[in-house]
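Accompanying notes for the structure given below.
The values are calculated or read from the model by the stated rules, or taken from the named source; none is laboratory data. This one's a predicted model, so the numbers in the text were calculated from it and none came from an experiment. Using ideal geometry, Cβ is built from the backbone for each residue, glycine included, and neighbour counts are taken over all protein chains shown. Each accessible area value is taken on the protein alone, full model and side chains, heavy atoms only, with ligands, DNA and RNA left out. Shrake-Rupley method; radii C 1.70, N 1.55, O 1.52, S 1.80 Å.
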Amino acid sequence: MRKEDKAQIIESIAAQIQETPNFYITDISGLNAEQTTKLRRDCFEKGIKLVVVKNTLLHKVLKDMNNEEVTALFPVLEGPTAVMYTTTPNAPAKLIKKYADDGAEKPALKGAYVQECAFVGADKLGELCDIKSREELIGDIIGLLQSPARNVISALQSAGGKLAGIVKTLSERE
């Protein structure tokens, strides 16, 4: 590969990481054309970009990031590597888990960089699946904020009948 080609690939990987800071490093070797096509289609439907990369070029990009957390991913850059880029932090983990639940050995998780934290090893798949997306977190916060208001409203509604009874009783006594 020519030096110019390598520089261009490094620039495209760096630009992709800037655009989608959450990425999963996986192994998809051994998949036939039909399985690879199905995986790529599933990734596209979930908003995940799947790219096969050379370990040395990805290593160079990660090294240039000057991030201590990313350096934990260097040991997983061995063997065939595919990168799943995403804006939804848990989407690739759920997709990999779905394939594993269906009995497929690949794609296999090697490591991930999600929400500025590095996860190394396939045993982290459960943790990565449990990470909430931005929309899920906003929904949880809204639910928590609405909870006290609901309690006050329901208390006022139930007390409303009692207050009316008390006012009626007091007015009858006069």
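Just a few scattered comments:
- Residue match in the range 106-125 (condition: over 27 Å from Met1 (Cβ atoms) and among the β-branched types (Val, Ile, Thr)): yes
- Subset of the range 98-115 (residues that are among the hydrophobic types (A, V, I, L, M, F, W, C) and open to solvent by 20 Å² or more (accessible area, probe 1.4 Å)): Ala100, Ala104, Ala108
- Failed item in (1) of a type in the set (Phe, Trp, Tyr); (2) in contact with a Lys or Arg (Cβ under 7 Å, 6 or more places away or on another chain); (3) open to solvent by 70 Å² or more (accessible area, probe 1.4 Å), with Tyr85 passing the rest: (3)
- Cβ separations smaller than 9 Å between residues 6+ apart or across chains give the following pairs from the range 72-99 residues that are more than 21 Å from Gly126 (Cβ to Cβ) to residues that are in a helix (DSSP H, G or I) and open to solvent by 40 Å² or more (accessible area, probe 1.4 Å): Phe74/His59; Phe74/Lys63; Leu77/Thr56; Leu77/His59; Tyr85/Glu19; Thr87/Glu19; Thr87/Arg134.
- Subset of the range 103-156 that is among the polar types (S, T, N, Q) and closer than 14 Å to Ala93 by Cα - its residue that is modelled with the lowest pLDDT: Ser133
- Extreme residue, most open to solvent (accessible area, probe 1.4 Å), among residues of the range 12-43 that are of a type in the set (Val, Ile, Thr) and either free of Cβ contacts under 8 Å to residues at least 24 places away in the same chain or farther than 18 Å from Asp64 by Cα (or both): Thr37
- Each residue in the range 1-34 was checked for being among the acidic types (Asp, Glu) and at pLDDT below 90, and 2 of them qualify.
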